[in-house]
Each structure stands twice: as structure tokens, then as C-alpha cells.
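Derivation of every value follows stated rules applied to the coordinates shown; laboratory data play no part. Everything numeric here is computed off the predicted structure, so don't read it as measured data. All Cβ positions, glycine included, derive from the backbone under ideal geometry; neighbour counts span all protein chains shown.
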Amino acid sequence: MPKFQKRFAGVARQIQATADIRYTDALKLFELDRDELLLAEALRTAGLGDAAAVLTGVTFVCAESTAWYDAFGEVESVYYETDPHKVKRVGEACREAAEAVMRRAGFPEADFEPEAEVLHAAFLALCRAGTVTDGERLARAALGVFDRDPLMCSDIVRSRGRRPFTYQTASELTGPDTASAVAARKAARAMAAASRVRKSADEQWFEAARLMVAAAWYASVAAGRPPLHNLPVFQDFYRGEMDGPVDDFPDPIRRGEAPGSR
């Protein structure tokens, strides 16, 4: 992580003092999500600089908060048997520091909110991919941040972030008639539909998950990959819960669309 060490140096010193671990070990605790950074770069290249900046900010905040929790894990693994008082003291301090990081960033509660903003960035990438003839890179980057479990995605896409999202804009998408662009628009519409599913019972949880499987399916196609490529849990969910072979997806996103709305 050399290029990001300066950003985290001050926090690593705080972790060193709080957890009583070496500075170099504290610095190693900061791990940035590579898929999120790739998506941010793809958004930036596509002219969506504001969305890229928001996503990068979320990535850095989560890395900082996680580093505090991981620091406690390091202390707990060494002193659990020999110094339980130290474990308790460091645990409380690290937890408080981690929660403070999220509060300062505008995430007062842990309820998928950072992840919701990551999925929203993926949605924006798919929307843009649906308006151009060469959006495969954007679609690949969007697909990279999908959680590996569609049921988890179901919760995340219906969770709020720090600001109102614009999933409703998917219905207004227009673009080229290429296979990639059409699939990207379908993926964006599936995400938008999933985000509108009520949070009330398991039936809605599975309904939104089915829509996220559709989003992943079409995002794969838009990325120039086989459907649900590298998403085995999505494939299992489709086979088990949606009763379909992975090479023959029904097309619910197209049903009811007005002519010319592809």
C-alpha cells in the first residue's frame, strides 16, 4: 500500500499508541478494497468525477474503521489468556475510535450504509455503460463490487446511504442498440427495481435478491462475459430459487417496456 501510506500515517500512529503495537504493523492493517478503487477509476475515466470521489471517500473511511477493529484483533490474539484487562481496555478504545471514524464520515449507524453507496456507484457505472457503445470496462468494474451473495445484495441495495439516491433515473435511460449497452440498461433497471422492494419479510428479501441476480446477469453480459461469470453463489441462487439453467435467463426486465425503451 505504498502510495496510500502518507494518508494513513497519522492514524497508524494513533493505533500504535492505543493498541501498543508496532507502527509498521499498524500501517499494514490498512487495506483498500481493490474492486472499489477500480470502479472509482472507471467512473473517473468516464467523466463521473463526483461519483468517483464519493466512492473513493467511502473506501478510505471503511479501510480506516476496519483497521481499528483489526488492531484490537491483533491485541486479543496475543493477550487474551495473559492480560484480559488489556484486551478489554484496548477493545473499548478501538471500537470507540472505529465508530467515531464512521460518524465523522456521516455514517452514524452500521446498517449497510457504506456498502449501499458502493452499489449506487455500480448503478451509476451501469447507467453510463448503457449510453455508450464501448461500456464494457464500466460494466466489469460495476460487477466487481457486487457482494458475492445475492441475498446480501438484496439488503444492501435497499439500504440508505448518506444522501438520496437516484435509482429512479434508470427508467429514463436511452442509448445505443448494441448488446452491451442494452444489457447494461437492463442491469441498471433491475437494480432500480430491487431498490424499491419493501423491507418487511422474507418474501421481499427474496424478491429483491432475484432482481439482483438479474442485475448481475445483465451486467455480466454488458461486460462481455458469460452470464453470472465468477459469481457461483448467484448461480446457485438462480438454479435453486429461480429454477433456471444458467444459460437461459428469463427476461423480466424487458416485459412491459415501451417500444424503443431498450
>> Loop by DSSP (not H, G, I, E, B), at most 14 other beta-carbon atoms within 10 Å: where is the longest site-free stretch of the chain for GluC sites (Glu not before Pro)?
In response: 110-256
> Using the 10 angstrom Cβ neighbour count as an exposure proxy, how do 186, 86, 199 rank, fewest first?
Replying inline: 199, 86, 186
>> Suppose each label sits 7 Å from its Cα in the direction of the beta carbon; what would the residue 45-residue 17 distance come out to in nanometres?
In response: 4.2 nm
>> Could you derive backbone 3J(HN,Hα) for segment 157-172 from the dihedral phi with the Karplus parameters 6.51, -1.76 and 1.60 (θ = phi - 60°), listing whole Hz in sequence and x where the residue is Gly or Pro?
In response: 5, 9, 8, 8, x, 8, 8, x, 8, 10, 4, 5, 5, 4, 5, 9
>> If a paramagnetic tag sat 7 Å from the Cα of residue 131 along the Cα-Cβ line, which residues of segment 29-59 would have the backbone N under 15 Å from that point?
In response: 43-52
>> Need one number: convex hull volume per residue for the chain, Cα atoms only, in Å³.
In response: 145 Å³
> Which Rg and Dmax, in Å, describe the Cα atoms of segment 113-241?
Replying inline: 13.3, 40
> Where does helix 5-19 land angle-wise versus the long Cα axis of the chain, in degrees 0 to 90, nearest 10?
Replying inline: 50 degrees
>> Pairs of alpha-carbon atoms within less than 8 angstrom and 6+ residues apart define the contacts here; what relative contact order does the chain have, in percent?
In response: 16 percent
>> Sort 126, 143 by Cβ crowding within 10 Å, fewest neighbours at the top.
In response: 143, 126
> Once the Cα atoms of helix 113-129 and of the chain are each reduced to a long axis, what angle between those two axes, in degrees from 0 to 90 to the nearest 10, is obtained?
Replying inline: 40 degrees
> Exposure proxy check: 167, 80, 69 ranked by fewest other beta carbons within 10 Å?
Replying inline: 80, 69, 167
> If you average 1/r over every pair of different alpha-carbon atoms in segment 2-104 and take one over that average, what Kirkwood value in Å do you get?
Replying inline: 14.6 Å
